[in-house]
2 protein chains.
Amino acid sequence: MAGDMEGVLLDVDGVLVESWRALPGAVAAVDWLRGEQIPFRFVTNTTQFGSEALAEILRDAGFDISPEEMITASVATATYLRTHHPGAACFVLAAGDALKDLDGIDMVDEGADVIVIGDAEDAFNYENLNRAFRMLMRGAKLVAMHKNLYWKTDGGLTLDVGAFVAGLEQASGVEAVVAGKPSPEFFLSALASIGLPADRVAMVGDDIASDVQAAQAVGMTGVLVRTGKYRPVDEERIELPTPVIDSIADLPRLLA
Amino acid sequence: MAGDMEGVLLDVDGVLVESWRALPGAVAAVDWLRGEQIPFRFVTNTTQFGSEALAEILRDAGFDISPEEMITASVATATYLRTHHPGAACFVLAAGDALKDLDGIDMVDEGADVIVIGDAEDAFNYENLNRAFRMLMRGAKLVAMHKNLYWKTDGGLTLDVGAFVAGLEQASGVEAVVAGKPSPEFFLSALASIGLPADRVAMVGDDIASDVQAAQAVGMTGVLVRTGKYRPVDEERIELPTPVIDSIADLPRLLA
């Protein structure tokens, strides 16, 4: 099945890198895709960096990649806002660098039409969360760059966007729209970017829900990789035919 | 039915006071209970003050009340910890004053057995929430003083304990034990304090779920009051026979 694939989407953290260092065989796998002229994109929910900075970090780690070949949750958020809320005043709770991807969005501190939540790190404080909450209670919409609950940093497991969005959703009764994975729109925009239909493209990820099952939901072949946040129990949750590989180093063999 | 009641539990915020000022008829209603020698207790999830300070605030507002006549979520938390986790090392995320009710609890910053969350206000920051999260991921238990999602302050609607507990629960997969309302243990401890069985006691509150239905669940008569956070839609959620009064000023007529 996977041998029929004509294109690939690759999750980044836990698949290609950990703590921003390339995993064994990851650089070679991407070079192989390039050499075989197989269209690919990096698809990531990382919002602590903008796409320019992220491409630079990945190039430093050895990957042959340009910003245009990455679909990030912050770029997807900008696209979502321009499409669904053109001209809206947005209160954006996110770290500095991801804000660069929101160029042209009208950002305000009060009276926002839309609350946008990314990885805000220390800006996830009582004052900012209350500010967002009060605007939600006055009718603002809620957009989450993604809903990942936590991730692994050099400092240990760390709360991510999803944990703060969960609290805001419960308190306000407003449900968030998710711009990044596992949103179908996110994957469809990545497919459009490589110009292939879902049934010709594999999505490789370490998150059984956000990467694998979400890709399967739009008709792609979800491929689970046994690195990053993968745990053996994830394989019990597999519902559709799902290739499982030990690491991204096995990608050429899978696609051959 | 309510005429058979021999004792009363009274919620505080939204029933007796708003922004710590007595609601019309509230002081007189409490004086009437005292005059009629009807046993009563104030039962509150407020954890921004300890019980001593809270009694003083309420006395300043005109109420004839002593700390011993109040069952607060922070006192209930101390009781819960001493009963279920004697000697446990606790990481307590709460504002300074409520900590006084936790006298004798072993408080630590790292390596806690139990994470305790109260109204921490500005201490609800990224560093503290991550600290709590990491200990939960290493096996610590989670105790919430209560799970109220928000409350009304002079500054407007404000996120409360429940919003932060929700994020920690979702991210860690650890479910919190609630020490305050609507925990059955909380109401049973208030009943023990006045020495009456549940079916002889009315619980008056403005929260249809945490006050009224939670009291009914342990066999008390839940009384809904149309002040505070009450909204007309709450009356559609009434399941058991539930007296509804316009304000606490109507309590004497209800019990007569």
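A few remarks follow.
- Taken over the stretch B:199-225, residues that are surrounded by fewer than 18 Cβ atoms within 10 Å (Cβ to Cβ) and at pLDDT 95 or above amount to 4.
- Residue among A:111, A:156 that alone is in contact with a strand residue (DSSP E or B) (Cβ under 8 Å, 6 or more places away or on another chain), on the phi > 0 side of the Ramachandran plot and not hydrophobic (A, V, I, L, M, F, W, C): A:111
- Test for residue A:6: is it at pLDDT 95 or above and open to solvent by 30 Å² or more (accessible area, probe 1.4 Å): yes
- In the stretch A:200-218, the residues that are closer than 15 Å to residue A:238 by Cα form Cβ pairs under 7 Å with partners that are part of a helix (DSSP H, G or I) and open to solvent by 20 Å² or more (accessible area, probe 1.4 Å), at six or more places apart or across chains, as follows: A:208/A:237; A:217/A:184.
- Pairs with Cβ under 7 Å, 6+ apart, first in the stretch A:65-77 and in a strand (DSSP E or B), second open to solvent by 10 Å² or more (accessible area, probe 1.4 Å): A:70/A:41; A:70/A:51; A:71/A:41; A:71/A:189; A:71/A:193; A:72/A:46; A:72/A:51; A:72/A:101
- Hits in the stretch B:32-64 (condition: charged (D, E, K, R), assigned to a helix (DSSP H, G or I) and touching an Asp or Glu at 6+ places or on another chain (Cβ under 9 Å)): B:34, B:52
- When we screen A:36, A:56 for residues that are open to solvent by 30 Å² or more (accessible area, probe 1.4 Å), more than 20 Å from residue A:100 (Cβ to Cβ) and over 14 Å from the mean Cα position of the chain (by Cα), the only hit is A:36.
- Selection within the stretch B:76-113: residues that are among the β-branched types (Val, Ile, Thr) and surrounded by fewer than 23 Cβ atoms within 10 Å (Cβ to Cβ). The member of this set that is farthest from residue B:51 (Cα to Cα) is B:108.
- Here residue A:151 meets the list (1) closer than 24 Å to residue A:26 by Cα; (2) in contact with a Lys or Arg (Cβ under 7 Å, 6 or more places away or on another chain); (3) of a type outside the set (S, T, N, Q) almost entirely, failing just condition (2).
- Looking across the stretch B:79-104, the residues that are modelled with pLDDT of 95 or more and either over 18 Å from residue B:178 (Cβ atoms) or hydrophobic (A, V, I, L, M, F, W, C) (or both) come down to B:81, B:86, B:87, B:88, B:89, B:90, B:91, B:92, B:93.
- Filtered by the rule that a residue be over 14 Å from residue B:70 (Cα atoms) and part of a helix (DSSP H, G or I), the stretch B:5-31 gives B:26, B:27, B:28, B:29, B:31.
- Taken over the stretch A:143-159, residues that are surrounded by fewer than 21 Cβ atoms within 10 Å (Cβ to Cβ) and either charged (D, E, K, R) or assigned to a helix (DSSP H, G or I) (or both) amount to 2.
- The stretch A:117-131, subset assigned to a loop (DSSP other than H, G, I, E, B) and under 20 Å from the mean Cα position of the chain (by Cα), residue farthest from the other protein chains (Cβ to nearest Cβ): A:118
- Test: residue B:183 is open to solvent by less than 20 Å² (accessible area, probe 1.4 Å), among the polar types (S, T, N, Q) and more than 22 Å from residue B:133 (Cα to Cα): yes
- Candidates A:64, A:109, filtered to the one that is farther than 25 Å from residue B:122 by Cα and more than 14 Å from chain B (Cβ to nearest Cβ): A:64
- When the residues of the stretch A:93-111 are filtered to those that are among the aliphatic types (A, V, I, L, M) and assigned to a helix (DSSP H, G or I), the one that is nearest to residue A:162 (Cα to Cα) is A:98.
- The residues of the stretch A:141-166 that are farther than 22 Å from residue A:185 by Cβ and small (Gly, Ala, Ser), listed by number, are A:155, A:156, A:163.
- Listed by first and then second residue, the pairs with beta-carbon distance under 9 Å, at least 6 apart or on different chains, first residue in the stretch B:7-30 and in contact (Cβ under 8 Å) with a residue 40 or more places away in the chain, second assigned to a strand (DSSP E or B) and of a type in the set (Lys, Arg), are B:7/B:41; B:8/B:41; B:9/B:41; B:10/B:41; B:13/B:152; B:14/B:152; B:18/B:152; B:19/B:152.
- Residue in the stretch B:117-135 that is of a type outside the set (Asp, Glu), farther than 24 Å from residue A:132 by Cα and open to solvent by 10 Å² or more (accessible area, probe 1.4 Å) present: yes
- Search result, residues across the stretch B:228-256 that are outside any helix (DSSP H, G or I) and open to solvent by less than 30 Å² (accessible area, probe 1.4 Å): B:242, B:243, B:245, B:247
Residues checked against (1) under 20 Å from residue B:110 (Cβ atoms); (2) within 9 Å of chain A (Cβ to nearest Cβ); (3) of a type in the set (Asp, Glu); (4) in contact (Cβ under 8 Å) with a residue 60 or more places away in the chain:
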| residue | (1), (2), (3), (4) |
| --- | --- |
| B:133 | yes, yes, no, no |
| B:136 | yes, no, no, no |
| B:141 | yes, no, no, no |
| B:144 | no, no, no, no |
| B:157 | no, yes, no, no |
| B:171 | yes, yes, no, no |
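- Residues being modelled with pLDDT under 95 and more than 14 Å from the chain's Cα centre (by Cα) - total across the stretch A:39-53: 2
The values are calculated or read from the model by the stated rules, or taken from the named source; none is laboratory data. Values in this document were obtained by computation on a predicted structure and should not be read as measured data. Note: ideal-geometry Cβ built from the backbone for every residue, glycine included; neighbour counts use all protein chains shown. Just so you know, the surface numbers come from the protein's heavy atoms only, side chains and all, with ligands and any DNA or RNA stripped out. Shrake-Rupley method; radii C 1.70, N 1.55, O 1.52, S 1.80 Å.
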